[in-house]
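This report concerns only the one structure given below.
The values are calculated or read from the model by the stated rules, or taken from the named source; none is laboratory data. Predicted model, so just to flag it, every value in this text is computed and none were measured. Neighbour counts run over all protein chains shown; Cβ positions are idealised from the backbone, glycine included.
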Amino acid sequence: MKYLLFLFLFITNCAIAPVHGFIYTHVKFPGEFNPYNDVKPQKHAEGCSRVILGLFGWGVSGVGDVAFENGIRKIAIVDHSSVSILQFGYLPAIYLNYCTIVYGE
């Protein structure tokens, strides 16, 4: 019985941040911002990285890269979003998508 409980906890979504569902997850969550800056969030850009079966990965989701590629010179706010399909605990998901959303001038 102890082994079944251990197995259940290992293959479920305990201790995975920010949150993940077993079958499908689509979560948007706040990143960082500087409340003392005077940068207005006039423009926004999004960069995403994707992984399939834990074997193939591509994309750019770094804050600096996303801002530079989209002409954002001053960053006001950084947010994130995540999509996962069939996430079995610590094992690779069928599909993962992690996006960084940058707001600024």
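Select from the range 36-54 the residues that are under 12 Å from ALA67 (Cβ atoms) and hydrophobic (A, V, I, L, M, F, W, C) and list them in ascending order.
Listed by number, the residues that qualify are VAL39, ALA45.
Identify all residues within the range 1-37 that are part of a loop (DSSP other than H, G, I, E, B), within 24 Å of ILE101 (Cα to Cα) and either at pLDDT 85 or above or not hydroxyl-bearing (Ser, Thr, Tyr) (or both); write none if there are none. Write out each step before concluding.
Taking the range 1-37 as the starting set, the residues that turn out to be part of a loop (DSSP other than H, G, I, E, B) are 1, 12-23, 34-37.
Subsequent filtering for residues that are within 24 Å of ILE101 (Cα to Cα) retains 16-21, 34-37.
Hits for the range 1-37 are ILE16, ALA17, PRO18, VAL19, HIS20, GLY21, ASN34, PRO35, ASN37.
Would you check if LYS40 is modelled with pLDDT of 75 or more and assigned to a loop (DSSP other than H, G, I, E, B)? I'd like the intermediate steps shown before the answer.
Details: modelled with pLDDT of 75 or more: yes; assigned to a loop (DSSP other than H, G, I, E, B): yes.
In short, yes.
Name the residues in the range 36-68 that are surrounded by fewer than 12 Cβ atoms within 10 Å (Cβ to Cβ) and among the charged types (D, E, K, R), would you?
ASP38, LYS40 - these are the residues of the range 36-68 that are surrounded by fewer than 12 Cβ atoms within 10 Å (Cβ to Cβ) and among the charged types (D, E, K, R).
Across the range 43-61, what is the total count of residues that are closer than 15 Å to VAL102 by Cα and modelled with pLDDT of 90 or more? Let's see the steps before the verdict.
Step one: list which residues in the range 43-61 are closer than 15 Å to VAL102 by Cα, which gives 43-49, 60-61.
This time we only want the ones that are modelled with pLDDT of 90 or more, so: 43-49, 60.
Result for the range 43-61: 8.
Somewhere in the range 79-98, is a residue at positive phi, in contact with a helix residue (DSSP H, G or I) (Cβ under 6 Å, 6 or more places away or on another chain) and modelled with pLDDT under 85? Explain how you work it out, then say what you get.
First, pick out the residues of the range 79-98 that are at positive phi: 86, 89.
Remaining after also requiring in contact with a helix residue (DSSP H, G or I) (Cβ under 6 Å, 6 or more places away or on another chain): 89.
Applying the additional criterion that residues be modelled with pLDDT under 85 yields 89.
Yes, that holds for at least one residue.
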